[in-house]
Amino acid sequence: MLDALLQGLFLVLQWNAFSLMLVGMALGFVVGLLPGIGGAATLALMLPFVFKMSPVEAFAFLLGMHSVAATTGDITSILFGVPGEALSAATVVDGHPMAKNGEAARALGAALMSSLVGAVIGAAALAVSIPIVRPLVLTFGSPELFMVTIMGIACITSLSGQGTSAQLKGFAMGLLGLLLATIGQERQSGILRFDFGLIYLWEGLDLIPVLVGIFAIPEIIDLAARGTAIAGNAPSAKLGAGVWEGIKDTFRHFWLVVRCSAVGVLVGILPGAGGGVAQWMAYAHAVQSAKDPADRERFGKGDVRGVLGPGAANNSKEGGDLIPTIAFGVPGSGAMAILLGAFLIMGLHPGPEMLTKHLAVTYSMVWTLVIANVITVIACLALLPYLALVTRIRGSLIIPFLLLLVFVGSYTANRQLADLLVTLGFGAVGYLMMRFGWPRAPLVLGFVLGKLAETYLFISMARYGYAWLAQPLVLVLMALTALIIVFPYLQERRSHAN
Amino acid sequence: MRISGAMAFSAGLAMVAAYAVLTALRWPPKAALFPLVTSIPLLVLAVVQMVTDWRALSASEDAPQETRAALGVLAWMAGFIALVFLLGFPLAVPLFIFGYLMIAGREPWLLSGALALAAWGAFHLLFEKLLHFPFDPGWLIGGGT
């Protein structure tokens, strides 16, 4: 095994594979900044270019690109409040307020370093767990996956803020997200729900226009209303100086980063759990790990722990995602399904062969994840003080470029002009939510998980009737869900008692 | 009765939920289950929040300047979308950047022109040359799509 591990490293460091990885990383860096063309879409666009490559070169190119896109997505999330990757929106919640407080460099340093730690943990998990993870994946049927989505939805309690009114608003927004997810053709009966006679709505609303509208447009409106730069009147000296502070934050809260990385790996391993769950669950875990309600109050206003958790989970998820893809040919996400196409193009068959005959190729993927992330973080760290200065540019100059980023991003996801109108509509709604104190994160969480929850519930009922409710693993997951819901209240009561 | 913005938002949410409930009641049980399970509690919560907002009416504050700024930016966004529908992205991008910087940003025309050109160059290089991304040509140029 050690031989194969070293052989994998040498394969990646060969001139051809390494230079292709750098090309992939450069592409991933650029597209990671755009909300619409995410890592998965870029993989699809670049797939035709791998035909003439060897397997190691192809995976160095594709995985280098994919892992960097996941990391750089956080940059626009923090600087402008525009999620660079559809599934990496959780970083916006605390990262952008940090930028507004003049701590952009610190937030970016924390996001990058936690991403690196997450990527290494994800890669390590991939390296050691392929032979042992099979029973876990096979244990998870639709009832268990339904409960995982419910666990994700239960995180709303942690994302809603404190007090009865905040919780009420959080739950209402979570329900609205779930309701929005029901738009379009119902998969089992074929009934068209809330389509208003529009063919565009038959497939339901796409995540990217909703997400970008809800998160990015209110920030742009706020920037225009303030009439200042993003960092407002924060002292200039703080901007570039915070990078090392952000790096140190990663190690100050190291166990939080490790735990959130573990969340990312676990969610990544489960095929069908959806990549979007990982970041939000990690964010919710970061909120829950606050010492007391007063400490929890800091989240959403620019707490670095709210950047570290999602940052770590975002990249550890990539390693976790690869586990079922390589070991069983069961892709854990859309991006992995496309990568599966690359396996077939290369004449490789995911499964036992990848653990025996092609073990060195498998380990070359592990090394690609690690090396690509290390290089990205080093390159970004060198650029960070300059990137943070973007928050000093006056709003009137930067707003048209942000709008461009938002609308081009929304369009490129599906090439639908109607997506622009959806983005604008949700932007207006998101602005009103921000203004009247309705939390936006629960809506997105409900929307991301709604379709999955309904599908798994239907399959569970059709397959097992109500008997699935008594399955042992389902009961364990129910107990965990109850714990997630009750924990913030217990914490508040304990704090009051003290 | 005076209605605050917050109360109007809660009322709007309640109306959306009520519409969802009434619509879903007409569907077969399988298709209606999930929408009903979500929209009924949403209706209840929105009504509760509406009452809370009504009680807190005196404490609510209007921010006309913020509203004007918000409407201004939303109008620019709508304008950009209209340009994209009519001319397609490749032409709408430099026109929008130039127009916004000149009119809303009150920047000098030389800087506005240079930045619009730079935005168009970056857009053209990345999407058209590098990614070969097909953009709709716009109704005026492509004759409607």
Can you tell which of B:106, B:68 is among the basic types (Lys, Arg), under 21 Å from residue A:223 (Cα atoms), at the interface with chain A (Cβ under 8 Å from one of its Cβ atoms) and surrounded by fewer than 14 Cβ atoms within 10 Å (Cβ to Cβ)? B:106
Hey, residue A:182 surrounded by fewer than 24 Cβ atoms within 10 Å (Cβ to Cβ), at negative phi, β-branched (Val, Ile, Thr) and in contact with a helix residue (DSSP H, G or I) (Cβ under 8 Å, 6 or more places away or on another chain) or not: no
If residue A:198 satisfies all but one of (1) closer than 23 Å to residue B:23 by Cβ; (2) touching a helix residue (DSSP H, G or I) at 6+ places or on another chain (Cβ under 6 Å), what's the number of the condition it fails? (2)
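Could you tell me which residue of segment A:355-397 is surrounded by the most Cβ atoms within 10 Å (Cβ to Cβ), considering only residues that are in contact with a strand residue (DSSP E or B) (Cβ under 8 Å, 6 or more places away or on another chain) and assigned to a helix (DSSP H, G or I)?
A:391
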Does any residue of segment A:417-437 turn out to be free of Cβ contacts under 8 Å to residues at least 12 places away in the same chain, within 9 Å of chain B (Cβ to nearest Cβ), out of contact with any helix residue (DSSP H, G or I) (no Cβ under 7 Å at 6 or more places or on another chain) and part of a loop (DSSP other than H, G, I, E, B)? no
Residues of segment A:201-227 being surrounded by fewer than 21 Cβ atoms within 10 Å (Cβ to Cβ) and more than 10 Å from chain B (Cβ to nearest Cβ), which ones? A:201, A:202, A:203, A:204, A:205, A:206, A:207
Candidate set: segment A:87-129, residues that are over 20 Å from residue A:373 (Cβ atoms) and assigned to a loop (DSSP other than H, G, I, E, B); chosen: the one modelled with the lowest pLDDT: A:89
Output yes when any residue across segment B:23-42 is over 30 Å from residue A:454 (Cβ atoms) and either modelled with pLDDT of 95 or more or more than 7 Å from every other protein chain (Cβ to nearest Cβ) (or both), and no when none is. no
Of the numbered conditions (1) at pLDDT below 80; (2) within 30 Å of residue A:358 (Cα to Cα), residue A:241 fails exactly one; give the number of that condition. (2)
For residue A:198, are the conditions met, namely being modelled with pLDDT of 85 or more, more than 14 Å from chain B (Cβ to nearest Cβ) and buried (at least 18 other Cβ atoms within 10 Å of the Cβ)? no
Would you point out the residue of segment B:74-90, among those that are among the small types (Gly, Ala, Ser) and more than 7 Å from chain A (Cβ to nearest Cβ), that is surrounded by the most Cβ atoms within 10 Å (Cβ to Cβ)? B:88
Checking residue B:88 against (1) touching an Asp or Glu at 6+ places or on another chain (Cβ under 7 Å); (2) under 24 Å from residue A:218 (Cα atoms): exactly one of these is not met. Which one? (2)
Could you go through segment B:16-36 and let me know if any residue there is within 22 Å of residue A:217 (Cβ to Cβ), part of a helix (DSSP H, G or I) and among the aromatic types (Phe, Trp, Tyr). no
When only residues in segment B:43-53 that are farther than 29 Å from residue A:457 by Cβ and more than 7 Å from chain A (Cβ to nearest Cβ) count, which is surrounded by the most Cβ atoms within 10 Å (Cβ to Cβ)? B:53
For segment A:66-84, indicate whether the set of residues that are free of Cβ contacts under 8 Å to residues at least 60 places away in the same chain, buried (at least 24 other Cβ atoms within 10 Å of the Cβ) and either assigned to a loop (DSSP other than H, G, I, E, B) or touching a strand residue (DSSP E or B) at 6+ places or on another chain (Cβ under 6 Å) (or both) is non-empty. yes
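Going by the conditions given, is residue B:96 aromatic (Phe, Trp, Tyr), within 25 Å of the chain's Cα centre (by Cα), facing chain A (nearest Cβ under 8 Å) and more than 26 Å from residue B:74 (Cβ to Cβ)?
Judged against the criteria, residue B:96 is not a match.
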Which residues, counting only those in segment A:456-478, are buried (at least 17 other Cβ atoms within 10 Å of the Cβ) and aromatic (Phe, Trp, Tyr)? A:456, A:458, A:468
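The values are calculated or read from the model by the stated rules, or taken from the named source; none is laboratory data. Everything quoted here is computed from the prediction, not taken from an experiment. Reconstructed Cβ throughout: ideal geometry from the backbone, glycine too, with neighbour counts over all protein chains shown.
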